[in-house]
Amino acid sequence: MPPEFCSVPPEIVAPAANETLELALGSQVVLNCTVRWAISEHCEPVPTWTKDGQWLGSESRQDSTWLGQNASERLLATVLQVNLTHNADFGVFACWVSNATASFTLRREEVAGHVSAVLAALLVLSLLVLLAGLYIRCRLSVLLWYRNHYGELEMNDGKLYDAYVSHATAPDDRKFVHFIVKPQLENRYGYKLYLDEQNIMPNAEPSADLIMNVSRCRRLIVVLSVAYLEQDWCNSSFREGLWRLLELSKKPIFIVFESQYREITHPAISLLKQHRSAVTLLVWRAGSMTPSSDFWKELCLALPRKVAFRRTMGDPQTQLQEDKAPMLILHSSYLDSRGDPHPDGDLGTGLRGCAFRNPLPPRICGPGGPTALATGTVEDTQLKDSHRSEIDISDLGSRNYGARTDFYCLVTEDDI
């Protein structure tokens, strides 16, 4: 029912202004409305509540009145308890006390913001996990690609080989080096290896051959098998030998076999693990035979960067130095590579050139036979003279061969 009005509207003590509350579904809230009016008004205001303009009953509210600090005013508090179990429980609640009113707006808390934040966090976490998985799986391929494109080039260092491979004389070690390591590194990756199965440290000191050969190689690879560890220097002074190898080569590469790795009790393995920053320790596993396995990628990362040069016709030094020496020209006018048109010549292969063709057989032409033979001999002589005149040797003495690194020795039959 409508409230009873006073001549002077009561003063709203609480809330100070219209309140807006955002609450979650399933929560409970208590709305407090307190008013104050003068005793001289001689009116008894009755509090009532409305929701969205509809009057509510008094079942869920509690009212209380008391005197103020001075005896000239009274206060009234009405409390409404609301259970927000459904979406329809939200709305605008108004407290009416005589002709004074205060409102509470209850809104459902937006959980979409939290959901989007949680989904974004899960998406970022999934992305990080994916990137971590890709990094673990493709790390070696990425590092190898970066090294091959932007890595340091080891050129013009006077080295003849890319790696010095030391292995034992055991049959299994020989097969591993000659039939697996050497074909893979040389044929697939273009490295040049120097293989050695001799004891590299007789009497616990590097041999003269080792010092000379390692100085000509950019890396040192040691196939550290059980047979290799049986050498004297490995049993007696492996630590000192390792320091010697570190002095001779940049970060030596040690290859161990997984089948033997777990059974080896030699102190060399623990010593290599302690100095992983100074050496490269690779394990040959059952799946390492695949060309795309991690073993070959790690081995290539430990080896120097290879540069693929485009093939040129003839000697590259000849092309760079503009050397036109007749003995260094691959395709020249005096070496005619056209095939022999005679069907019986070259046994049908057409590989021999006309400049190296045998003299023509004598032609039998009856009475004119000797004349024809003489004529053919004269033609052959003229042909040879014409080819000989094409070789210009007038400037051989003025050519500079000091910058060349290859040498040619021309030997005649008389010298032999």
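Annotation note: of 211, 264, the sole residue that is in a helix (DSSP H, G or I) and out of contact with any His (no Cβ under 6 Å at 6 or more places or on another chain) is 211. Just so you know, in the stretch 268-299 the residues that are open to solvent by less than 30 Å² (accessible area, probe 1.4 Å) and in contact with an Asp or Glu (Cβ under 6 Å, 6 or more places away or on another chain) include one that is farthest from residue 246 (Cα to Cα), and it is 283.
Listed here are the residues, each with its yes/no results for (1) without any contact (Cβ under 8 Å) to a residue 40 or more places away in the chain; (2) small (Gly, Ala, Ser); (3) open to solvent by less than 80 Å² (accessible area, probe 1.4 Å).
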residue: 174; (1), (2), (3): yes, no, no
residue: 177; (1), (2), (3): no, no, yes
residue: 192; (1), (2), (3): yes, no, no
residue: 225; (1), (2), (3): no, yes, yes
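Within the stretch 47-58, the set of residues being of a type in the set (S, T, N, Q) and surrounded by 13 or more Cβ atoms within 10 Å (Cβ to Cβ) comprises 48, 50, 58. Taken together, the residues in the stretch 149-161 that are modelled with pLDDT of 90 or more and open to solvent by 80 Å² or more (accessible area, probe 1.4 Å) amount to 1. Closer than 30 Å to residue 230 by Cβ, touching a Cys at 6+ places or on another chain (Cβ under 9 Å) and open to solvent by less than 60 Å² (accessible area, probe 1.4 Å) - does that describe any residue in the stretch 138-148? No: zero hits. Scanning the stretch 214-223 for residues that are farther than 26 Å from residue 258 by Cα and either open to solvent by less than 10 Å² (accessible area, probe 1.4 Å) or in contact (Cβ under 8 Å) with a residue 60 or more places away in the chain (or both) turns up 214, 217, 218. For the stretch 6-22, check the following and say yes or no: at least one residue is touching an Asp or Glu at 6+ places or on another chain (Cβ under 9 Å) and open to solvent by less than 60 Å² (accessible area, probe 1.4 Å). Yes: one or more hits. Against the test of being touching a Lys or Arg at 6+ places or on another chain (Cβ under 8 Å) and modelled with pLDDT under 85, the options 80, 67, 21 yield a single qualifying residue, 67. Taking residue 42 as meeting all but one of (1) closer than 24 Å to residue 89 by Cα; (2) free of Cβ contacts under 8 Å to residues at least 12 places away in the same chain, write down the number of the exception. Single failed check for residue 42: (1). Among the residues making up the stretch 134-180, those that are of a type in the set (Phe, Trp, Tyr) and part of a helix (DSSP H, G or I) are 135, 145, 146, 150, 176, 179.
Consider the stretch 59-83 and keep the residues that are of a type in the set (S, T, N, Q), within 28 Å of residue 107 (Cα to Cα) and in a strand (DSSP E or B). The one that is most open to solvent (accessible area, probe 1.4 Å) is 62. All conditions but one from (1) outside any strand (DSSP E or B); (2) farther than 24 Å from residue 84 by Cβ; (3) of a type outside the set (Asp, Glu) apply to residue 26; the one that does not is (2). If only residues of the stretch 232-256 that are touching a helix residue (DSSP H, G or I) at 6+ places or on another chain (Cβ under 9 Å) and not in a helix (DSSP H, G or I) are counted, the one that is most open to solvent (accessible area, probe 1.4 Å) is 251. Within the stretch 102-133, being open to solvent by less than 90 Å² (accessible area, probe 1.4 Å) and free of Cβ contacts under 8 Å to residues at least 40 places away in the same chain holds for 112, 113, 115, 116, 117, 118, 120, 121, 124, 126, 132, 133.
The values are calculated or read from the model by the stated rules, or taken from the named source; none is laboratory data. Computed from a prediction, not measured in an experiment: that's the story for all the values here. A quick note on method: Cβ atoms are made from the backbone with ideal geometry, for glycine too, and the neighbour counts reach across all protein chains shown. Accessible surface areas use protein heavy atoms only, side chains included; no ligands, DNA or RNA. Shrake-Rupley method; radii C 1.70, N 1.55, O 1.52, S 1.80 Å.
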